[in-house]
Structure formats: structure tokens, C-alpha cells
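Worksheet: one structure, shown below.
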Amino acid sequence: MAKSNSKSKRKLVGLVSEDGKTRIYYTKKNPQNTTEKLALKKYNPKTRKHEIMTETKKNLGRNEVKEKKR
């Protein structure tokens with residue numbers, strides 16, 4: 001089994017299309033060297049066009065703690 005490198009500075013980030021709904025691509029980046037957000041031109045299969053994908057958090061709000069209703 002492969003050993004994971006826990007000392008790596010690289011973070012996993014998701015790439016979101018311009019409409020903000022489609023998150024298809026994931027990539028790793030080193031936040032110490034690249035402080036600004038990534039913006040890569042990638043293919044969006046839903047629109048069948050190449051679009052600029054911008055960086056966002058990997059979880060995109062799924063694991064955030066929600067306030068309890070009282």
C-alpha cells in the first residue's frame with residue numbers, strides 16, 4: 001500500500017465553471033507559491049464549450065456546520 005506524504009504543502013481545490021454550478025475538475029496547488037486563485041481554461045461537458053474555471057474550496061459547503069433550529 002502506498003504511503004501518504006502528510007508533510008506535503010499542497011491543497012486539493014475544486015474548479016468551478018463561470019455559472020457557479022458545475023464543479024467538474026479538481027487539482028492540487030501549493031498556497032505558499034500561488035497565493036491568488038487559479039483560473040484555468042477547461043472543457044465543460046454540460047455546455048460543450050471551453051470555459052474559464054476558477055478555484056474554490058474542495059468541499060464547497062458540504063461539511064460546514066449548520067446552526068440548529070430552536
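The values are calculated or read from the model by the stated rules, or taken from the named source; none is laboratory data. None of the values given here were measured: they were computed from a predicted structure. Cβ coordinates were reconstructed from backbone atoms using ideal geometry, including for glycine residues, and neighbour counts include every protein chain displayed.
Looking at segment 51-63, I want the residues that are over 17 Å from LYS11 (Cβ atoms) and have a partner that is at pLDDT below 90 and part of a loop (DSSP other than H, G, I, E, B) with Cβ atoms under 7 Å, at least 6 apart or on another chain. Which pairs are those?
Close Cβ pairs (under 7 Å, with a partner that is at pLDDT below 90 and part of a loop (DSSP other than H, G, I, E, B)) amount to GLU51/SER17; GLU51/GLU18; ILE52/GLU18.
Among the residues of segment 17-40, write down those that are more than 12 Å from the chain's Cα centre (by Cα), within 30 Å of LYS7 (Cα to Cα) and touching a residue at least 12 places away in the same chain (Cβ under 8 Å).
If the condition is that a residue be more than 12 Å from the chain's Cα centre (by Cα), within 30 Å of LYS7 (Cα to Cα) and touching a residue at least 12 places away in the same chain (Cβ under 8 Å), then ASN30, PRO31, GLN32 are the ones that fit.
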